[in-house]
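Nothing in this text is a laboratory measurement; each read-out follows from the coordinates by a stated rule. Given the structure is predicted, the values throughout are model-derived calculations rather than measurements. Note: ideal-geometry Cβ built from the backbone for every residue, glycine included; neighbour counts use all protein chains shown.
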Amino acid sequence: MTASLFINPHSERVGKKGSRLANHAEDHDARVFDLALFESLPAQVEAALDTSDLIVIEGGDGTVQCVMSEVMRQVGDDRPLPDFAIASGGMTNQIAKIIGMKNVGRSGLKTIHDDPKALQTRMIRLSCDGVPDQYGFLFSTGALPMVTDYAKNELHARGIGGSAAVFGSIVKAVLGERDTLMPPTDCVLRLNGETLAGPHLGTVATTLPSVTMGLDPFWGDGDEPLRLTYVDGDASRLHRHIAEVWVGFKGKDRTPDGFHSWNTDGAAFDYSGPVMMDGEPLDMPSDRFSLSVSRPVTIRR
């Protein structure tokens, strides 16, 4: 079996500087799939699954989400899953920074093929009637999609990219323009036998060990793989709680101030506001959707 390389020439870094993986594909007898036309992705994934036990993706977070979602849908619950590896090629590259390749090139490809450090994790599966299941690692509603949209429209346009742009937008919203940049939106959330309903500031969920810039805003109990935090629309002392969680102070009941966090196997939403998976906005055909977790996937590093 050989590796298959999926390369997105439209991604920010790849588009400007070229692919780092493609230069070394022949050294490892790897197949290269060019994602210039995403309409070809289903057929490309089908071809890759016939011959490859390793799929390497070079692109931004949206590219990773699209390729891995297509693989997960085609493989289903019964066929063997290939391993994955992720090479940063976009602007923000949140997923690659957390679980991606540290060395992208000849030696990096050799390492992930012959002697990888493998991380086994699960993906978030987003299910909604009318569209295929979508898979990713970082899901959010409300505030985070709003400030990410602001970062893309205002800061990326000025050449300020990456995590710094998103982080700067969060700080701006929390400290001075909360009602403007991330106003509350109505949400009903059901999980672990509980129901929360009313205006919410936002939710964040992940199956990864952390999110942007080392921030890990989760403090739920249990071993369930999906970690989810919900913030009430009238939550108080927002900047203080974010700062405390950022430095690792999690042993505190934050519910009186409107902060809730769980470890779970799934969650159900009634929600019509902004939704985002791995930094990409999603157009939901229905207000009702659910989160669950995939079977284990192996990420070579």
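Data for the structure
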{"quantity": "Order by protection proxy (mean Cβ within 10 Å, highest first), peptides 64-77, 184-197, 122-135", "calculated": "64-77, 122-135, 184-197"}
{"quantity": "Euclidean distance of C-alpha centroids, the stretch 253-301 and the stretch 25-55, integer Å", "calculated": "29"}
{"quantity": "Too-long pairs where the Cα-Cα distance tops 27 Å, listed order kept, from Lys16/Lys97; Lys97/Lys252; Lys97/Lys117", "calculated": "Lys97/Lys252"}
{"quantity": "Added length on full extension, which subtracts the Cα-Cα distance from 0.36 nm per residue, Thr195 to Asp133", "calculated": "19.9 nm"}
{"quantity": "Cβ charges +1 (Lys, Arg) and -1 (Asp, Glu), total dipole of the chain, debye", "calculated": "1060"}
{"quantity": "Ellipticity estimate at 222 nm from DSSP helix runs (n ≥ 4, -39,500 (n - 2.57)) divided over the chain, nearest 500", "calculated": "-7500 deg cm²/dmol"}
